[in-house]
1. Taking residue 44, is it modelled with pLDDT of 95 or more and surrounded by 17 or more Cβ atoms within 10 Å (Cβ to Cβ)?
2. In the set 92, 101, which member is modelled with pLDDT of 55 or more, farther than 20 Å from residue 141 by Cβ and within 19 Å of the chain's Cα centre (by Cα)?
3. Take segment 48-86 and flag every residue that is assigned to a loop (DSSP other than H, G, I, E, B), out of contact with any strand residue (DSSP E or B) (no Cβ under 6 Å at 6 or more places or on another chain) and modelled with pLDDT of 55 or more.
4. Determine whether residue 129 is in contact with a Gly (Cβ under 9 Å, 6 or more places away or on another chain) and at pLDDT 80 or above.
5. May I ask you to verify whether residue 25 is part of a loop (DSSP other than H, G, I, E, B), of a type outside the set (A, V, I, L, M) and modelled with pLDDT of 90 or more?
6. Search segment 139-163 for residues that are in a strand (DSSP E or B) and pair each with any residue that is modelled with pLDDT of 65 or more when their beta-carbon atoms are under 7 Å apart and the residues are at least 6 apart or on different chains.
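The values are calculated or read from the model by the stated rules, or taken from the named source; none is laboratory data. Small disclaimer: the values here were computed from a predicted structure and weren't measured. Cβ: placed from backbone, ideal geometry, glycine included. Neighbour counts: every protein chain shown.
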Amino acid sequence: MFKVKHERTADCVVAGYRVHKSGPDAIGSLLLGLYKDDGGLASVGVIGAFPMKRRQELFAELQQLVTDFDGHPWAWAKQEEGDRTPRNAEGSRWSAGKDLSFVPLRPELVVEVRYDHMEGDRFRHTAQFNRWRPDRDPESCTYAQLEEPVNFDLASVLETGRP
């Protein structure tokens, strides 16, 4: 028996970061977004498996993109309109006291990530960093690029041909 896992990739916009638990000078995770048909930027997940040295380098590199929430796609106003944003998930459902606040970034940086599958409009598990995509326009990072899983009718798969 073999277990087959599909490797899917997506180009996402980096729209924020959370600081690492070790201190304020290292990236804990990067917040990922994809543009919806209506032009809004949806929060789809995070990437965060970086060595400590790279976390500190990323912190320094991303400072030029830091912005405030005025005009940011995930500002408080978006949350109040009913959009799912990282702001309305600043408390962790897995760790009650964990702070999930984030630093907003101008949505100009594109990263290619690996993911296993989607659960609704978000990545089911933490995505994995693949590579930076300086050649991609952030507005081109939409849900349309995502691979649609093949659906099977279970009855037809299990059908034996006998009455």
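1. no
2. Working: 92 fails: modelled with pLDDT of 55 or more.
Answer to the check: 101.
3. Matches in segment 48-86: 49, 50, 51, 68, 70, 71, 74, 75.
4. Details: in contact with a Gly (Cβ under 9 Å, 6 or more places away or on another chain): yes; at pLDDT 80 or above: yes.
Yes: the conditions hold for residue 129.
5. yes
6. Between residues of segment 139-163 that are in a strand (DSSP E or B) and residues that are modelled with pLDDT of 65 or more, the close pairs are 142/34; 142/35.
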